[in-house]
Amino acid sequence: MAASLKRVLRIVLRFILAFAAAAVAMSASPASAQFFLIQSDMSGEAVHGGEPGLGAELPGATDAELRAALVWNMRAALNVAALQCSFEESLLTQPNYNAILFNHGDELKKSYDVLTKYFMRTNKTAKAGQTALDQFGTRTYSSFTTVAAQYGFCQTAAGVMHDAIFAPRGSFYKIAEDRTRELRKSLTPMYELRRPRGLAFARQGGMLPRFDDICWDKKGDWNPKKCGAFELRLSS
């Protein structure tokens, strides 16, 4: 009897330890399905800063200046995410952004200094250079502001932040090179891929609809006659 009890206790203890380990692992990174069961693929090729579609162009910029602009674009994107995405606390955008500023502050400052020198070099006066720098910053920040694509942008930015806080100091530019295209693509509205036509939920108190086949017709549309009414928007 005692031996059987010991075996049961060992099994229970192993289960508790496994559960605790899983909980720690989950708390160390942002959840990956706050908005979508299956998210669109936003991955893109690495960039060096001179490619079109990455933000404001810098005519005559050196490679170092292009890298600085790329780093500052990434910082701006994550700053916007920290402000826009705090409604979903599990994304951890605010604390992770603060951690990025702490870990990569020196690299971010150096990038800003390089950008400042570029605008001073390419304008006739210091005042004109400062104005151009301010305009660059405003346009960069506003280019990452989104409403229609907020869920996808927030989900993508949270993943980038998670990788950035673990990147060695001095290597934030690599995050910018590898993930800028992904963040830009996430500004395009995306839809749930669990069903063929996709859908974007109007989340009702966090509730999701049923996903068993009886609730969906052959075209992938919700069947209210069998499963009741549910507010949703289907993509075209």
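Can you list the aspartates and glutamates whose alpha carbon is less than 13 Å from that of Lys185, not counting same-chain residues fewer than 8 positions off?
Correct list for Lys185: Asp41, Glu45.
Go ahead and run the numbers for FRET between Ala167 and Ser90, Cβ-Cβ distance against an R0 of 30 Å, rounding to 0.05.
Details: r = 22 Å, r/R0 = 0.73.
Plugging the Cβ-Cβ distance into 1/(1 + (r/R0)^6) gives 0.85.
For a Förster distance of 45 Å, can you work out the FRET efficiency between the beta-carbons of Leu83 and Asn123, rounded to the nearest 0.05? Intermediate values should be presented prior to the final figure.
Values: r = 30 Å, r/R0 = 0.66.
Efficiency, from the Cβ-Cβ distance: 0.90.
List Ile100, Ile165 from most exposed to least, where exposure is judged by having the fewest other Cβ atoms within 10 Å. Provide the component values of the computation, followed by the final result.
Working: Ile100 23, Ile165 18.
The most exposed by this proxy come first: Ile165, Ile100.
Note down the nm distance, to one decimal, between modelled labels 7 Å out along Cα→Cβ at Tyr112 and at Ala56.
1.5 nm
Can you list the lysines whose alpha carbon sits under 21 Å from that of Lys218, skipping same-chain ones fewer than 8 residues off?
Lys226
What lysines sit close enough to Lys127 to cross-link, taking a C-alpha to C-alpha distance under 27 Å and skipping anything fewer than 8 places away on the same chain?
Straight-line reach from Lys127, under 27 Å: Lys109, Lys110, Lys117.
In sequence order, what are the phi-derived ³J(HN,Hα) couplings for segment 162-177 according to the Karplus relation 6.51 cos²θ - 1.76 cosθ + 1.60 with θ = phi - 60°, rounded to whole Hz, with x for glycine and proline?
These are the phi-based 3J(HN,Hα) values: 4, 5, 5, 5, 9, 6, x, 4, x, 10, 4, 4, 5, 4, 5, 5 Hz.
Assuming R0 = 30 Å, what is the FRET efficiency of Asp221 and Ser43, from their Cβ-Cβ distance, to the nearest 0.05? Mind showing how you got there, number by number?
On the way: r = 30 Å, r/R0 = 0.99.
Step by step, r from the Cβ atoms, then E = 0.50.
No lab work stands behind these numbers, since they all come straight from the coordinates. Here the structure is a predicted model, which means the values were calculated and not measured. FYI the Cβ positions are ideal-geometry reconstructions off the backbone, even for glycines, and counts take in every protein chain you see.
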